[in-house]
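The values are calculated or read from the model by the stated rules, or taken from the named source; none is laboratory data. From a predicted model like this one, the values you see are computed outputs, not experimental measurements. So basically every Cβ, Gly included, is an ideal-geometry build from the backbone, and we count neighbours across all protein chains shown.
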Amino acid sequence: MIMSLIVKQYNDQAYSVYKDFEETLRSKKFHHLGEGSYRRGWQRKNVVIKVPKCEVGYCDNILEAYAYRKYRKGPDYNDVVYAPCRLLPNGALLMTFVEFVEYKQLPVWCGYIDGMQCGNYHGRIVAYDAASDIIGKDRSDAMKWGHVMGSMDHCECLVVRSDCNWPWHQDPIRNPSNEEPEARGHSLNKQRE
């Protein structure tokens, strides 16, 4: 019961803050690109801003920002390459615009991304909406980095801790590991036929 009230209060406050932020985006000539269950997308030229609609959208932004920061120099353990992005001070996500790519041109790993939301960024195929596909240790490490407590199972309620420093003021990878990713057994970078 208490958790439900906290989450409702967070969502009500977030809506109010982000409503004003979206008005600012409109005034800066951003156009509404689209929206999913938890976030709204805004675009101006080659910039996309993902604005959370609720606490899950906020956590999705944390996940994608963390994954890009951790793997920006190469693919993750599933061969996923993330679109360049960073978390803004208000919890929205700033990301580069990714161009559409035909299904047949996508590498096999894109099939592991929900909705195959991948495209071309400077000649490289990247995932531009992969929060639900970030799993395991990366998921829990991202939530620690973002100072979020609670379980990160899909759609489960989360609360931002009030006693923390916000993640955008900190090094995103607190304990970087030089360990090699787990053995894959096969490469997922092959092109689809």
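If you go through the stretch 92-118 and pick out every residue that is buried (at least 19 other Cβ atoms within 10 Å of the Cβ) and touching a Phe, Trp or Tyr at 6+ places or on another chain (Cβ under 6 Å), you end up with 1. Here GLY57 meets each of (1) touching a Phe, Trp or Tyr at 6+ places or on another chain (Cβ under 7 Å); (2) in a strand (DSSP E or B) with one exception, condition (2). No other residue among TYR71, TYR66 is closer than 20 Å to MET143 by Cβ, without any contact (Cβ under 8 Å) to a residue 40 or more places away in the chain and surrounded by 16 or more Cβ atoms within 10 Å (Cβ to Cβ) apart from TYR71. Total residues in the stretch 131-144 satisfying the condition of being outside any helix (DSSP H, G or I) and touching a residue at least 24 places away in the same chain (Cβ under 8 Å): the figure is 1. Considering the conditions (1) touching a residue at least 40 places away in the same chain (Cβ under 8 Å); (2) in contact with a helix residue (DSSP H, G or I) (Cβ under 6 Å, 6 or more places away or on another chain), ALA92 is excluded by exactly one of them, (2). Residues in the stretch 71-130 that are part of a strand (DSSP E or B) and polar (S, T, N, Q): THR96, ASN120.
I'm checking my understanding of the structure. Among residues of the stretch 74-91 that are under 17 Å from SER132 (Cβ atoms) and within 10 Å of the chain's Cα centre (by Cα), which one is surrounded by the most Cβ atoms within 10 Å (Cβ to Cβ)? Only one residue fits best here, namely TYR82.
Of everything listed in (1) at pLDDT below 95; (2) within 14 Å of the chain's Cα centre (by Cα), the single unmet condition for LEU94 is (1). Considering TYR58, TYR10, the condition of being under 25 Å from SER140 (Cβ atoms) and at pLDDT 90 or above is satisfied by TYR58 alone.
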